[in-house]
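The values are calculated or read from the model by the stated rules, or taken from the named source; none is laboratory data. A quick note: this is a predicted structure, and the numbers were derived from the prediction, not measured. Here the Cβ is made from the backbone with ideal geometry for all residues, glycine too, and neighbour counts use every protein chain on show. The area values use the complete protein model at the heavy-atom level, side chains included, leaving out ligands, DNA and RNA. Shrake-Rupley method; radii C 1.70, N 1.55, O 1.52, S 1.80 Å.
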Amino acid sequence: MSAVVRDMTPADIGAVLTIENKSFPSPWSRLMFEQEVYAESGRAWLVVEHDGVVLGYGGLALLDEAAHVMNLAVRADCRHRGLGRALLAHLARRARGMGARHLTLEVRERNRSAMALYEAAGLKTVGVRPGYYSETGEHAVVMWSDDITHPGEEARLEELWNRAELDLEAYPDVATGHSAPLVLGIETSCDETAAAVMRGGTELLSSVIASQVDFHARFGGVVPEIASRKHTEAIVAVVQEAMEEAGATFGDLDAIAVTHGPGLIGALVVGVAYAKGLSLATGLPLVGVNHLEGHIFANPFANDDVTPPLVALVVSGGHTSLVHVPEWGVYHTLGETLDDAAGEAFDKVAKVLGLGYPGGPVLSSLAEEGDPAAIDFPRAMLRSGDYAFSLSGLKTAVINHIRHEREAGREIHVPDLAASFQQAVIDVQVTKATRAAKELGVQWFCLAGGVAANKLLRESLHETLSAEGVRVSVPPLDLCTDNAAMIAAAGTWRFLRGERLYLDAEAVADLRLDADDASLKT
Ligand code: KG4
Ligand code: ZN
């Protein structure tokens, strides 16, 4: 397959910026490229592309009879093959077509390879602009061509075109460079400030989580104001640590992925605002990830056999839903909780028992010593025939039981209570999950979210669904509760689909998983 030179489109700008940022000390911003690409007339902007991957670009603007070459760069690992020559020759053809008689440009005096390219194209040094590049004080060399409509000059430029190696059999690294982008994931939707760096959506290079749980524990739950303040304090250091651990610099990255909903709005905005600032400063494209989609993506990340169509049970401190995923990126919510989330029920029961926050881990470990049949708690909606859940009745029943026992002067057997409560939660979840998987005829079932760390839930789903011939995926424990690796994994997938979050996008507290895809792009 050979490389082609074609017009640059707005969709190329992300890839162009990645090359731009790695090529120049003061790169152009997205806005600058957008202004050029959207300009109505007097411009020619081209990319050289191989198998869908942008390898280089260049553009010019026409001023009177002179076509000013404004920018030209080739990906570092694709240099010395004449792609710059091909771009320049093609730009010259376009300039001629626009009525230009000369090519002109400024080049950094230290950029010898660029000067050599322009000299080969027949441009000559006509002067120097001292200190033109203000950030380094470097001089600009001004170059100018002879009349490019003159047959001799035209032939020289066509010769450049012929010498370019556009037959790119010898570009084995190019495809991998594109399909394995380096992505920084950022997560701040609740009470963990997290950042992770991932290669190609599968190779985790670092994952840093700063938990605020100690600051919330004394209140028995997450306090929104504390959450956003702590995210603000932690985010810079957390991202820095993730980058250092990955041995990467911002210049090595291809994209930034950030959770933009759902979650606590004051917490989400910290991550989103930070990511936007980083995107603006580095020119890196930004991708928005739905937190729940992130939880689901912990499954294919941990086990690459997992593929849709599948059913996922998303159970966390804020959500309890059964989701049908016919293909990646398409989510149909089959049913969700009408009141409390499963994690929330664990947290509230633990709070009443004085066991601190979060309640899930402590209650489930106490439950191991207890008898799940000791107390008969209600299994709400078990036979409702739909996929909805309701946990507030169970929570109230547990709290009433505790009060009743205390009032009667009886000591509460906490392990029995924990085991009975946990069993009531799990019975309903497993029953509905199994029915959904069977009804939709899927081969895979994925468990996702903080409550997926629950050992009994994992085991029960495995047992019941395996008996029905459904394969079950549960993420490793550290990928169940909030982390940024899952955001980087989902973000990589969205990045490769060309989705972007622009600088006017906002965090959305109630962002839905089955929202129209467009909401993820704005
Ligand atoms: O996904 P996550 O880290 O944060 C949200 O997005 O909400 O989930 C946290 C929730 C908490 O409610 C916590 O109690 C619960 O997950 N959780 C558990 C277990 N580990 C964490 N619930 C039951 N059993 C567990 N072992
Ligand atoms: Zn979560």
- prompt: Taking Cα centroids, how far is the stretch 465-491 from the stretch 429-456 in Å?
  reply: 11
Between 0 and 90°, nearest 10: helix 342-352 axis offset from the chain longest Cα axis: 50
- request: Please list, in chain and number order, the residues 5+ apart from Ser206 or on another chain whose amide H is under 5 Å from its amide H, with Hs placed from the backbone.
  value: Val197
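Averaging the inverse of every distinct alpha carbon separation and then flipping it gives the Kirkwood radius. What is it for the stretch 4-169, in angstrom units? Kindly include the intermediate steps, with their values, before the conclusion.
Working: mean 1/r = 0.0625 Å⁻¹.
Here the Kirkwood hydrodynamic radius works out to 16.0 Å.
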field: Long-range amide H partners of Thr337 with built H, under 5 Å
entry: Thr320, Phe389
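Please go through the residue pairs Lys22/Lys230; Lys348/Lys455; Lys230/Lys276 and name each one whose alpha carbons sit more than 21 Å apart in this structure. Don't skip to the end; give the middle numbers.
Values: Lys22/Lys230 33 Å; Lys348/Lys455 19 Å; Lys230/Lys276 19 Å.
Checking Cα-Cα distances, Lys22/Lys230 exceed 21 Å.
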message: What does the extension gain come out to for Arg112 and Ser41, with contour length at 0.36 nm per residue minus their alpha carbon separation?
response: 22.4 nm
statement: The percentage of the accessible area of the stretch 3-108 (probe 1.4 Å, all protein chains present) made up of carbon and sulfur atoms, to the nearest whole number, is 49
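Residues of the stretch 46-142: accessible area per residue at 1.4 Å, in Å²? Mind dumping the intermediate values first?
On the way: 4070 Å² over 97 residues.
I get 42 Å² per residue for the stretch 46-142.
Do the sum for the chain: with -39,500 (n - 2.57) for every DSSP H run of n ≥ 4, divided by all residues, what is the mean residue ellipticity at 222 nm, to the nearest 500 deg cm²/dmol? Present the calculation step by step, with values, prior to reporting the outcome.
Numbers: 16 runs with 211 residues, N = 522.
My calculation for the chain gives -13000 deg cm²/dmol from helical runs alone.
Compute the Rg to Rh ratio over the chain from the alpha carbon atoms, using the Kirkwood formula for Rh, and round to two decimal places. Show your work: numbers first, answer last.
Numbers: Rg = 28.9 Å, Rh = 25.8 Å.
Reported Rg/Rh (Cα atoms, Kirkwood Rh): 1.12.
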- prompt: For the chain, with the dipole built from +1 on Lys and Arg beta-carbon atoms and -1 on Asp and Glu ones, taken about the Cα centre, which of Phe301, Thr188, Gly99 lies farthest toward the positive end?
  reply: Gly99
task: Pop out the ³J(HN,Hα) list for the stretch 303-309 in order, Karplus 6.51 cos²θ - 1.76 cosθ + 1.60 with θ = phi - 60°, rounded to Hz; leave Gly and Pro as x.
output: 8, 6, 6, 5, 9, x, x
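Computing the accessible area with a 1.4 Å probe over protein heavy atoms, can you report the carbon and sulfur percentage for the stretch 303-477? Please report the intermediate quantities before stating the final value.
Numbers: 3690 of 7470 Å².
Whole-percent figure for carbon plus sulfur exposure: 49.
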field: On Cα atoms only, tilt of 224-246 relative to the major axis of the chain in degrees
entry: 50
message: Give me Rg/Rg_expected for the stretch 85-140, where Rg uses Cα atoms only and Rg_expected = 2.2 N^0.38 Å with N residues.
response: 1.26
Positive-end residue of Ser321, Ala210, Ala66, charge dipole of the chain with Cβ unit charges: Ala66
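After finding the eigenvalues of the alpha carbon gyration tensor for the stretch 422-516, what semi-axes result from the square roots of 5 times each, listed largest first in whole Å?
Working: eigenvalues 176, 50, 38 Å².
Values for the stretch 422-516, descending: 30, 16, 14 Å.
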field: Folded to 0 to 90 degrees: helix 455-467 orientation relative to the chain principal axis, Cα
entry: 80
query: What is the sum of charges around Asp416, taking Lys and Arg as +1, Asp and Glu as -1, for the other residues whose C-beta is under 10 Å from the C-beta of Asp416?
result: -2
query: Among residues other than Val213 whose Cβ falls under 9 Å from its Cβ, what is the net charge (Lys/Arg +1, Asp/Glu -1)?
result: -3
query: Separation between the Asp376 and Arg410 pseudo-spin-labels, each 7 Å from Cα along Cα→Cβ, expressed in nm?
result: 1.4
Dipole in debye (nearest 20) - the chain, about Cα centre, beta carbon charges: Lys, Arg +1; Asp, Glu -1: 500
- prompt: Can you work out ³J(HN,Hα) from phi for every residue in the stretch 15-27, in order, using Karplus 6.51 cos²θ - 1.76 cosθ + 1.60 and θ = phi - 60°, giving whole Hz and x for Gly and Pro?
  reply: 5, 5, 5, 4, 6, 4, 5, 8, 9, 10, x, 10, x
statement: Sorted by chain and then number, the residues having a modelled amide H within less than 5 Å of the amide H of Val128, at least 5 places away or on another chain, are Val142
query: Under a plain spin-label model, where a point goes 7 Å from the Cα along Cα-to-Cβ, how far apart in nm are Phe219 and Val126?
result: 6.7
- request: Measure out, as a whole number of angstrom, how far apart the alpha-carbon centroids of the stretch 196-253 and the stretch 288-327 sit.
  value: 21
